[in-house]
Amino acid sequence: MVKACLQAGRGTDTKGGQLMEWLKSLASLVGRILLVLIFLSSGIDKIENFEGTAKFMAQYGMPYASYFLFGAIILELTGSVFIILGYYTRLGSLLLLIFLIPTTIIFHTNFDEPIQTIMLMKNISMFGGCLVLLGMGPGRFSLDYIFKGRPKKE
């Protein structure tokens, strides 16, 4: 039984192999969506409460908070949409990584507050997810695959 399962996952020449490829592609799609929901929601929230978010950022000593906030919104929303659609997925992952680095360092390093330690670990986990996506790509259920990665028929 184990041997049959292992053989089914190796290639796409069998029904089991095709099923495994389909399941991997589905898991990749669902994983991409779940990974970026927090960024998409956060970007929308920042738009809806732009002034309040800019004031919050300024409390951390950020100069030109409105400009940095605008940049954060662009990075979060663009990265999220690219990843959900699977279009320029690696670029979308890179955009979110660029967002996460300063955000984590500036806002989540006060270890006197236990919630900030949790937020730091959350950001590190999301960073890991973006790195995996950057390295592995979006999978078959993506616009990248449709436009760029599909094997050519001869």
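Select from the range 28-60 the residues that are of a type in the set (Gly, Ala, Ser) and either within 13 Å of GLY86 (Cα to Cα) or in contact with a Gly (Cβ under 6 Å, 6 or more places away or on another chain) (or both) and list them in ascending order.
SER28, GLY31
Checking LEU134 against (1) more than 30 Å from LEU19 (Cα to Cα); (2) surrounded by fewer than 18 Cβ atoms within 10 Å (Cβ to Cβ), only one condition comes out false. Which one?
The failed condition is (1).
Within the bounds of the range 106-128, is there any residue that is within 20 Å of SER142 (Cβ to Cβ) and hydroxyl-bearing (Ser, Thr, Tyr)?
For the range 106-128, residues within 20 Å of SER142 (Cβ to Cβ) and hydroxyl-bearing (Ser, Thr, Tyr): absent.
Could you list, in sequence order, all residues of the range 57-73 that are crowded, with 16+ Cβ neighbours inside 10 Å and outside any helix (DSSP H, G or I)?
MET62
Check off (1) crowded, with 18+ Cβ neighbours inside 10 Å; (2) of a type in the set (A, V, I, L, M, F, W, C); (3) under 15 Å from the mean Cα position of the chain (by Cα) for ALA54 and give me the number that stays unchecked.
Status for ALA54: all satisfied but (3).
Conditions (1) in contact (Cβ under 8 Å) with a residue 40 or more places away in the chain; (2) hydrophobic (A, V, I, L, M, F, W, C); (3) surrounded by 16 or more Cβ atoms within 10 Å (Cβ to Cβ); (4) not in a helix (DSSP H, G or I), marked per residue:
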| site | (1), (2), (3), (4) |
| --- | --- |
| LEU29 | yes, yes, yes, no |
| ASP45 | no, no, no, no |
| LEU75 | no, yes, yes, no |
| SER80 | yes, no, yes, no |
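Which residues, counting only those in the range 82-96, are in contact with a Leu (Cβ under 7 Å, 6 or more places away or on another chain) and assigned to a loop (DSSP other than H, G, I, E, B)?
GLY86, TYR87
Output the number of the condition that THR109 fails; it satisfies all remaining conditions of (1) among the hydroxyl-bearing types (Ser, Thr, Tyr); (2) in a helix (DSSP H, G or I); (3) at pLDDT below 95.
Only one criterion is unmet by THR109, namely (2).
Among GLY139, GLY52, GLY86, which is within 16 Å of LEU29 (Cα to Cα) and modelled with pLDDT of 95 or more?
That would be GLY86, the only listed residue that is within 16 Å of LEU29 (Cα to Cα) and modelled with pLDDT of 95 or more.
What are the residue pairs meeting all of these: first residue in the range 82-104, first residue more than 15 Å from MET126 (Cβ to Cβ), second residue surrounded by 24 or more Cβ atoms within 10 Å (Cβ to Cβ) and of a type in the set (Phe, Trp, Tyr), Cβ atoms under 9 Å, and 6 or more apart or on different chains?
So the pair list comes out as TYR88/PHE82; THR89/PHE82; ARG90/PHE82; LEU91/PHE82.
The values are calculated or read from the model by the stated rules, or taken from the named source; none is laboratory data. None of these values were measured; they are calculated from a predicted model. Cβ: placed from backbone, ideal geometry, glycine included. Neighbour counts: every protein chain shown.
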